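For reference, the structure discussed in these notes is given below.
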Amino acid sequence: MGRIIGIVQVKGGVGRSTLATNLAAALARHGRTALIDADVPQGTSASWGKLREETGRLGQLTVAGVADYRALVSKARELVAVNDFVVIDGPPRLAEVTRAIMVMSRLCLIPLGASAAEIWATADLVKTIKEASARRLDINARIVWNRFREHTRSARELGDAAEKQLGLTALHSKLGYRVAYSEALARGLSVAEWPDRHAQEEFAALVAEIKQQLGV
C-alpha cells in the first residue's frame, strides 16, 4: 500500500501544480508513483504529464485526471494499491474534493507565498482542515513556502507571523522565486532536469524532508 501526498490550497496561482509535478517526478525516481490531477478544468498537471509521456520521460510515473469527488476517491484507491506514492494536485477552491484529499492523505502540503493575500486566503483552508480532523485525527498538514525571498526581512517576518496566525507548521525547506520552475513545467520537465543548480538543490532538500515526514 502506497502513501498519498495531497497538495491543497484555495487560492489560485500559488504553485500547487509546480509542487505536485516536481514532487511526482522526484518520487518516481525512487519508486512507482502516480500523479492525480483533480484541478479540472485547468488540468495543468495532466498537461505536464502528457508532454512528459510524448518525450518518453514518464518512467515509473503514471498520470491521471479526475473530474469530481467520486472519481477522485475511486482513482486514489486504485492507484495507492499498486504504487509506492500517489501525489494529488487539488483544486483552488474549498470543495468536497479538497476535504477528501485531506482525509485520504498521509501528508498534506500547502504551498504558500509570503504575501498577505495568500495568507488571508489560506485562513479559510485551515477551517476545512479542522473540519476534516473530525473524520481523521492524525491529519498532517504542512506549509511549503514557495517563491520565497529568503534574504528579505519582510518575507521572513511575514512567514513567521503566518505560521502563528494559521496555526500550521512549515517545512524547513523553502522554494525560491526562480524562473526554472515555470520553464521546466512548460516543457514537461522537473527542475531536476533543468539547468539551475540552486533550484535542483532546494527541491532535493524539500523532497528529502517530505520523505522524512512520510517515514521513508
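Observations, loosely collected:
- Lysine pair count for the chain (Cα-Cα distance under 19 Å; residues 8 or more apart in sequence or on different chains): 8.
- Across segment 59-65, computed HN-Hα scalar couplings (Karplus, 6.51 cos²θ - 1.76 cosθ + 1.60, θ = phi - 60°) run x, 8, 9, 10, 10, 9, x Hz from first to last residue, x flagging Gly and Pro.
- Choice from THR55, THR169, THR21 showing the highest fluctuation, given a GNM over the chain with Cα pairs closer than 10 Å: THR55
- Shown in residue order for segment 171-177 are the 3J(HN,Hα) couplings computed by the Karplus curve 6.51 cos²θ - 1.76 cosθ + 1.60 at θ = phi - 60°: 5, 5, 6, 10, 9, x, 8 Hz (x for Gly and Pro).
- Correct option for Cα extents along the principal axes in Å [calculated from the coordinates] among (1) 44, 37, 33; (2) 55, 39, 29; (3) 43, 43, 33: (3)
- For the chain, the 222 nm mean residue ellipticity estimated from helices alone, with every DSSP H stretch of n ≥ 4 adding -39500 (n - 2.57) and the total spread over all residues, rounds to -15000 deg cm²/dmol.
A short reminder: the numbers here are calculations on the coordinates, not readings from a lab. Keep in mind that this is a model prediction, so the values were computed, not measured.
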